[in-house]
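What follows is a short report on a single structure.
What follows draws every value from the coordinates through simple rules; no lab data is involved. Since we're looking at a predicted model, the values are computed, not measured. Ideal geometry is used to build each Cβ from the backbone, glycine not excepted, and the neighbour counts take in all protein chains shown.
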Amino acid sequence: MKIDFKERTPQLIALIGVLLIVTVVLIGFLVTRNSQMKEMQEQFVIDKQELEDEYEAISLQYEGFKFSVQNDSLLYRLQNEQAKVLRLQEELRMTKATDRAEIKRLTDELSTLRRILRSYIQQIDSLNTLNNELRAENEQITDRYNRTSRTLQQVSQEKEQLSEKVSLAAQLVATNINAKAVNDRGREQSRLSRSTQFVVNFTIARNITTEPGERTVYVRILTPDGTVLSKSPNDKFPYENSEILYSMKRIVEYGGEEIPVTMYWDIEEFLMPGTFKADIFADGHHIGSHSFLMED
């Protein structure tokens with residue numbers, strides 16, 4: 001039996017057409033499938049990179065806390081959390097982008113880390129608020145302390161000034177001062193060759209503000225060359241943080257009213273003519289002076 005190919009030609013053409021269509025469809029499906037797989041792989045890589053970026057952002061936030069958190073206990077806990085983040089970062093780095101189960105686990109871990117981070121941020125904000133309040137309160141206390149110190153200093157200065165005024169008011173004053181030389185008969189002389197004594201007399205003025213009681217009054221007689229007449233090098237009294245020589249001294253009972261005082265110096269040394277000076281001291285103060293001229 002012979003096959004009539006002429007009669008079968010339309011059928012063959014139809015069969016070939018169907019096969020071509022199936023082949024084209026299959027090729028199209030495979031191409032689309034490969035394209036989708038490639039896109040999925042690229043998306044997996046992108047997702048992993050985004051996840052790595054988020055882990056890095058959290059790690060940097062924990063790193064920044066080292067410079068702003070002063071509480072040691074809280075800082076220790078933050079460092080532990082940062083160590084956990086770094087460990088998960090390393091796990092993510094070693095995970096393939098296509099390992100969806102591991103990627104999902106690390107994504108869930110990231111959500112947990114975010115919640116923990118938010119709680120720490122709230123604690124830090126609360127501590128910062130408290131620190132700011134304490135700092136403001138400390139500034140107020142410091143300001144009050146400084147104002148009080150200035151007030152106390154001012155009061156102390158005023159008290160010191162008042163004390164100085166009282167001290168000055170209570171200071172004895174010598175008035176009616178006279179110094180001269182006399183001979184054996186007590187007559188005033190102008191020549192040293194005829195003189196046997198220097199006589200210094202004065203009045204301690206009335207002062208009711210000073211404390212009554214005994215007072216030691218000192219007189220220093222200075223020669224024209226500035227030498228202090230003194231019977232002994234041990235005849236000294238305190239004055240302005242030092243010890244200085246005196247010529248004569250006398251203890252008087254002072255009750256606030258004026259009293260006359262007279263002191264005598266026996267001339268036993270050779271003296272040069274010129275201007276002599278008598279300085280009077282009491283209670284550590286210089287209370288008067290008088291100069292007088294003597295001839296040879």
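Each Lys and Arg adds +1 at its Cβ and each Asp and Glu adds -1 at its Cβ; summed about the Cα centre, the range 85-125 shows a dipole of about 100 debye. Label positions at Lys96 and Arg250, each projected 7 Å from the Cα along the C-beta direction, are separated by 12.4 nm. Placing dummy labels 7 Å off each Cα toward the beta-carbon, the span from Asn128 to Gln154 is 4.0 nm.
How charged is the neighbourhood of Glu188? Take every other residue with its Cβ under 14 Å from the Cβ of Glu188, and add Lys/Arg as +1 and Asp/Glu as -1. Neighbourhood net charge equals +3. Taking the Cβ-Cβ separation of Glu295 and Thr227 as r and a Förster radius of 30 Å, what is the calculated FRET efficiency to the nearest 0.05? FRET efficiency, Glu295 to Thr227: 0.95. For the range 174-294, the share of alpha carbon pairs falling in successive 10 Å distance bins from zero is 13, 45, 32, 10, 1 percent. Here the dipole of the range 174-294 is about 460 debye; that uses its Cα centre as origin and unit charges on the Cβ of Lys and Arg (positive) and Asp and Glu (negative).
Between Arg187 and Glu257, the C-beta separation translates, for a Förster distance of 30 Å, into a calculated FRET efficiency of about 0.45. The modelled label-to-label distance for the pair Asn241/Arg135, using points 7 Å beyond Cα in the direction of Cβ, is 4.6 nm.
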